[in-house]
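The values are calculated or read from the model by the stated rules, or taken from the named source; none is laboratory data. Only a predicted model underlies this, so the values are computations on that prediction, with no experimental measurement involved. Here Cβ is always computed from backbone atoms with ideal geometry, including for glycine, and neighbour counts include all displayed protein chains.
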Amino acid sequence: MKRTFLAKRNALLSSASVSWGTLALACAVLALLVRLLAPDLFLHTFAPVFRIAENIAAKNHAFLSSFGDAAALSAKNEQLMSQNAALASENQALLQKVSALAGLGGTASAQRTAELIAGVVARPPQSPYDTLVLAAGSESGVALGMEAFGAGGVPLGVVSAVARDFSRVTLFSAPGKVTRGWVGEASVPIDIFGAGAGAMSASLARSANITVGDRVFVPGPGQLPIGIVARVDSDPSAPGVTLRITPMFNLFSTTWVSLRDTGTALQDSFFSATSTPL
Amino acid sequence: MIRNGILTIATFVSVLFFPWPLSVLLALIASLFEPLVPVAVGLFADTLYYAPSAGTLPVFTLYGLVVSIIAALVRSRLRASSIRG
């Protein structure tokens, strides 16, 4: 006798039995496959979406900031203008120094020629891992390990993935990222740990006397400022202090970065080859 | 059913256009009705933004998976209980 197991044809795959969750999972897996098999096609597809997202984020920010207190904004503006004047004069002094040093070795002009400019397609908080997606890839000369610099030559991170037309920069603030640098006027050497969401931290001995407002530097050509000590966490039972570091400027508003090879990849490979894991 | 669809699509759109905390909130709300949505959205977020580097895990997929498992367990418990009769 013929037995009927299912009441209607295609009952196992009927539209009613496929939930929205299953559909969503299938779409996500499909997107993952496209990214793995054709990363450049994937980024070409999503780049316009990222650009629209950027515009929406900028409009939201402008809308929300319009509710701010006008008097406070005016005071802040005045303070920033005075700071800007101070920085402009400091910049002039540094330019003098650079031109003098360039006369000695000519290294500065050599580095300028190897610099690439790339537009930012996606950045935090849209890109939640403290990464930037750049509209420049291997076709434009981007290579793994190149360092990304923001406005004013502030180091931001290192290129961690390169496709033909796009690349990803992992910021120094990415969780798990360790960068060697210095802090304070005495250039105390520290290991800077990424804490996520643009923040960084570092531990050092209490006797180093680091205070809030001290600058944090990383190696570039010389010492380049990467952030400012925003808070010093001190536990009386511990011999050291923990520094909470904020970046020099808002990473979330970065639109253009410059890329150049500073030997970061070489330094990392050298360090991992010579250090003994604990 | 329409509510589930709108919630699922809104969560996916949020991953593309809005900061991640909003996407997390929407995924949590969607998990009440569709337990698979958090893991799907986590996977989609990692597909878009994850950059493999030392010490980083695809946390959105992992957290999404955890939330999906919890949501599925809670739903199965509710279904098996005498509340529904």
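Kindly provide the set of residues from the stretch A:16-26 that are more than 7 Å from chain B (Cβ to nearest Cβ) and either part of a helix (DSSP H, G or I) or of a type outside the set (A, V, I, L, M) (or both), ordered by number.
Within the stretch A:16-26, A:SER17, A:LEU23, A:ALA26 qualify.
What do you reckon, is B:LEU16 under 24 Å from A:GLY198 (Cα atoms) and without any contact (Cβ under 8 Å) to a residue 24 or more places away in the chain?
So B:LEU16 does not fit the description; no.
Here's a check for you: in the stretch A:207-226, which residue that is surrounded by 14 or more Cβ atoms within 10 Å (Cβ to Cβ) and without any contact (Cβ under 8 Å) to a residue 40 or more places away in the chain is farthest from A:PHE249 (Cα to Cα)?
A:ALA208
Could you check how many residues of the stretch B:36-85 are modelled with pLDDT under 85 and not in a helix (DSSP H, G or I)?
Going through the stretch B:36-85 one residue at a time, the tally reaches 13.
Looking only at strands (runs of 3 or more DSSP E) that fall completely inside the stretch A:126-168, which ones have 3 or more residues that are within 16 Å of A:PHE252 (Cα to Cα) and within 14 Å of chain B (Cβ to nearest Cβ)?
Values: elements: A:131-134, A:147-149, A:155-162.
Those strands (runs of 3 or more DSSP E) span A:131-134.
Just to be sure before I move on: is A:ALA265 modelled with pLDDT under 80 and crowded, with 16+ Cβ neighbours inside 10 Å in the structure I sent?
yes
When only residues in the stretch A:26-55 that are over 21 Å from the mean Cα position of the chain (by Cα) and of a type in the set (Val, Ile, Thr) count, which is nearest to B:VAL37 (Cα to Cα)?
Looking at the filtered set, the residue picked out is A:VAL29.
Show the residue pairs that are 6+ apart or on different chains and have beta-carbon atoms under 9 Å apart, the first residue being within the stretch B:30-50 and closer than 20 Å to A:ASP40 by Cβ and at the interface with another protein chain (Cβ under 7 Å from one of its Cβ atoms), the second being part of a loop (DSSP other than H, G, I, E, B) and among the aromatic types (Phe, Trp, Tyr).
Hits for this filter: B:TYR49/A:TYR129; B:TYR50/A:TYR129.
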